[in-house]
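The values are calculated or read from the model by the stated rules, or taken from the named source; none is laboratory data. No experiment lies behind these values; they were computed from the predicted model shown. FYI the Cβ positions are ideal-geometry reconstructions off the backbone, even for glycines, and counts take in every protein chain you see.
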Amino acid sequence: MKTALSLSRLIDALNRRIGRAMGWATLAMVLIGAFNAIARTVERRLGLELSSNAYLEAQWYLFSLVFLLGAPYALRANAHVRVDVLYGQHPPRWKAWTDLLGSLLFLIPFCVFAIWSSWDFVGNSIKVRELSPDPGGLPRWPLKLVVPIAFGLLGLQGLSEAVKRVAFLSGMSAEDVNLEEPPFVDREMEELA
């Protein structure tokens, strides 16, 4: 169990770093979006060409990255969507069983399926070095490559969460297995207070 928990901590640390990077990617996405909105207004009024399809595509590429690569950290921080009507009122052991079974029966198999089903789609895109069909657009293949990577990271985080639930159910405390981790925003707000 010690080795499995050590591996779990490594997975958590990896996804925590990626999650923090996605926070910065969110800021970049907002700034690019604001620039696009301002540039289009200035273009119409002054007749300048400030914006391009590359900026628009960069904005939605960043959104895709934030969604795909932020999901493993959201799972780690327990910030993902959950049906709290069934989950929220139960004792910690019941929640641990629910999380364990959900990870093993649904999350991890789904991640394996997503990686498997995206493999040809991504491979073909890389092979032809797929580009945007829009003039001045960005390459599409790097973004498509993120799909199996993101599901791999999500599956690893699901495995990490399952290991922690097994350790908790076998008698270790929630603190010993690092079961709860507040999202970055919560920790940073506590530090400010």
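So, restricting to helices (runs of 4 or more DSSP H) that lie completely within segment 5-119, which ones have at least 1 residues that are loosely packed, with under 12 Cβ neighbours inside 10 Å and over 23 Å from the mean Cα position of the chain (by Cα)? So that I can check it myself, show each step before the final result.
Values: elements: 53-76, 84-87, 92-102.
In segment 5-119, the matching helices (runs of 4 or more DSSP H) lie at 84-87, 92-102.
All of (1) in contact with a Phe, Trp or Tyr (Cβ under 8 Å, 6 or more places away or on another chain); (2) under 29 Å from LEU10 (Cα atoms); (3) not aromatic (Phe, Trp, Tyr) hold for GLY88 with one exception: (1).
Residue-wise test of (1) at pLDDT 95 or above; (2) closer than 23 Å to ALA28 by Cα; (3) of a type in the set (Val, Ile, Thr).
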{"site": "TRP60", "(1), (2), (3)": "no, yes, no"}
{"site": "LEU68", "(1), (2), (3)": "yes, yes, no"}
{"site": "ALA74", "(1), (2), (3)": "no, yes, no"}
{"site": "ALA96", "(1), (2), (3)": "no, no, no"}
{"site": "ASP99", "(1), (2), (3)": "no, no, no"}
{"site": "ASN124", "(1), (2), (3)": "no, no, no"}
{"site": "SER132", "(1), (2), (3)": "no, yes, no"}
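For segment 143-181: of the residues being of a type outside the set (Gly, Ala, Ser), in a loop (DSSP other than H, G, I, E, B) and surrounded by fewer than 19 Cβ atoms within 10 Å (Cβ to Cβ), which is farthest from the chain's Cα centre (by Cα)? Checking each candidate, the answer is MET172. Taken over segment 37-69, residues that are within 20 Å of MET22 (Cβ to Cβ) and touching a Ser or Thr at 6+ places or on another chain (Cβ under 8 Å) amount to 3. Which one of these does GLN157 not meet: (1) in contact with a helix residue (DSSP H, G or I) (Cβ under 6 Å, 6 or more places away or on another chain); (2) modelled with pLDDT under 85? Condition (2) is where GLN157 drops out. Of all residue pairs spaced 6 or more apart or on separate chains, those with beta-carbon atoms under 7 Å, a first member in segment 14-43 that is farther than 15 Å from TRP60 by Cβ and a second member that is not in a helix (DSSP H, G or I) and not small (Gly, Ala, Ser) are ALA39/LEU50; VAL42/LEU48; VAL42/LEU50; GLU43/GLU49; GLU43/LEU50.
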